[in-house]
1. Identify all residues within segment 200-239 that are touching a residue at least 40 places away in the same chain (Cβ under 8 Å), outside any helix (DSSP H, G or I) and either over 25 Å from Leu293 (Cβ atoms) or in contact with a Lys or Arg (Cβ under 7 Å, 6 or more places away or on another chain) (or both); write none if there are none.
2. Of the residues Leu166, Leu197, which is on the phi < 0 side of the Ramachandran plot and outside any helix (DSSP H, G or I)?
3. Here are some conditions: (1) at pLDDT 80 or above; (2) part of a loop (DSSP other than H, G, I, E, B). Ile310 meets all but one. Which one does it not meet?
4. Just for segment 167-200: of the residues that are hydrophobic (A, V, I, L, M, F, W, C), surrounded by 21 or more Cβ atoms within 10 Å (Cβ to Cβ) and more than 18 Å from Ile223 (Cα to Cα), which one is farthest from the chain's Cα centre (by Cα)?
5. With the structure loaded, tell me whether Asn131 is in the same structural domain as Phe71 (by TED's automatic domain parsing), modelled with pLDDT of 90 or more and closer than 25 Å to Asp45 by Cβ or whether it fails that test.
6. Within segment 22-40, how many residues are within 18 Å of Asn125 (Cα to Cα), buried (at least 20 other Cβ atoms within 10 Å of the Cβ) and not hydroxyl-bearing (Ser, Thr, Tyr)?
7. Go through segment 282-292 and give me each residue that's surrounded by 13 or more Cβ atoms within 10 Å (Cβ to Cβ) and either among the acidic types (Asp, Glu) or at pLDDT below 75 (or both).
8. For the structure I just gave you, tell me whether Gly110 is over 22 Å from Ile165 (Cα atoms) and at pLDDT below 85.
Amino acid sequence: MKLKISNVFRIRRRANRKYKDTLFRFIFHDKKDLLSLYNAVNGTDYGNPDDLEINTLENVIYLKMKNDLSFLVGASMNLYEHQSTWNPNMPLRGLLYFAELYERYINDRGYRLTGNTRIPLPFPNYIVFYNGLEKEADRMELRLSEAYETGREGREPALECKALILNINSGHNRELMEKCRRLQEYAEFIREIRKNLQKGMILEKALGQAIEYCLKHGILADILRRNQAEVRSMLLEEYDEKAEREYLRKEAIEEGRKEGLEQGMEQGMEQGIELVIKNALTSTHSIPKTARLLMMPEEKVEKVAREHKIPAKKE
């Protein structure tokens with residue numbers, strides 16, 4: 001069976017600048033890896049990547065948005081998106097993307113909407129691969145109809161679009177990861193970057209050490225050897241270092257809050273935060289790095305180090 005893939009690249013209106021590829025899209029642009037991902041998600045066993053016919057459309061201006069991968073496999077229309085930030089509006093995005101994809105499908109095949117014969121359409125499948133910081137379930141479904149404000153009671157909406165969200169953070173959807181090694185490697189690479197950021201490294205260093213680790217352990221090694229500069233550029237462009245550090249800070253406060261519930265709110269909160277500072281200081285962090293990581297004054301971190309006689313480490 002012939003498989004046809006159409007990747008739709010889009011550009012921003014602002015400054016008329018092309019969207020840069022995300023690492024996810026860069027990895028799965030390869031026919032073999034995309035076929036492996038499709039098989040893993042759908043439980044199929046297509047085996048010949050040469051059956052994929054890639055038809056790339058460049059420089060398409062459309063609603064200031066870019067989708068990652070859209071492709072036809074047999075009788076199904078597939079839209080795959082990657083999201084590193086939780087977005088409840090994915091069904092609406094999907095509806096807008098599918099509208100254009102189906103319009104192109106109809107025009108490419110010479111169908112006429114005014115004809116008296118029903119146009120056969122490929123079945124739509126919409127998958128969002130999520131690896132953001134929010135703690136989400138392995139699988140969840142978002143529906144466009146959930147956004148309708150009125151008129152929902154007892155009536156079927158005229159428009160619906162369902163997005164299946166798959167959490168691809170390391171440790172989630174293990175069965176899916178085992179079926180698609182490339183997806184698992186991608187998750188491991190992102191995990192290493194986040195671990196390094198958690199140690200207080202600046203983004204460039206966190207990324208560099210993650211690349212070294214992955215090359216050493218055979219994680220995305222072929223891509224990193226061939227395209228290390230491109231990978232660095234893509235991740236520096238797409239990675240929100242400020243959001244990562246804010247999340248780590250919130251985790252520290254949450255740990256303090258839990259401690260507070262057990263030992264008395266005010267005192268427990270302080271003890272919980274103090275515990276987080278101690279853990280950071282004793283895991284190779286200097287006082288300045290710990291302060292940056294937890295977004296706290298250096299004086300507070302230095303006070304904890306002094307009280308617990310933790311040797312100050314060099315920057």
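The values are calculated or read from the model by the stated rules, or taken from the named source; none is laboratory data. What you are looking at is a predicted structure, and each value in this text was computed from that prediction instead of being measured. So basically every Cβ, Gly included, is an ideal-geometry build from the backbone, and we count neighbours across all protein chains shown.
1. Gly200, Leu220
2. Values: Leu197 fails: outside any helix (DSSP H, G or I).
Result of the check over Leu166, Leu197: Leu166.
3. (1)
4. Ranking the candidates gives Leu197 first.
5. Values: in the same structural domain as Phe71 (by TED's automatic domain parsing): yes; modelled with pLDDT of 90 or more: yes; closer than 25 Å to Asp45 by Cβ: no.
No: the conditions fail for Asn131.
6. Going through segment 22-40 one residue at a time, the tally reaches 6.
7. Pass one, segment 282-292, residues surrounded by 13 or more Cβ atoms within 10 Å (Cβ to Cβ): 282, 285-292.
Within segment 282-292, Thr282, His285 qualify.
8. Values: over 22 Å from Ile165 (Cα atoms): yes; at pLDDT below 85: no.
When the stated conditions are applied, Gly110 does not pass them.
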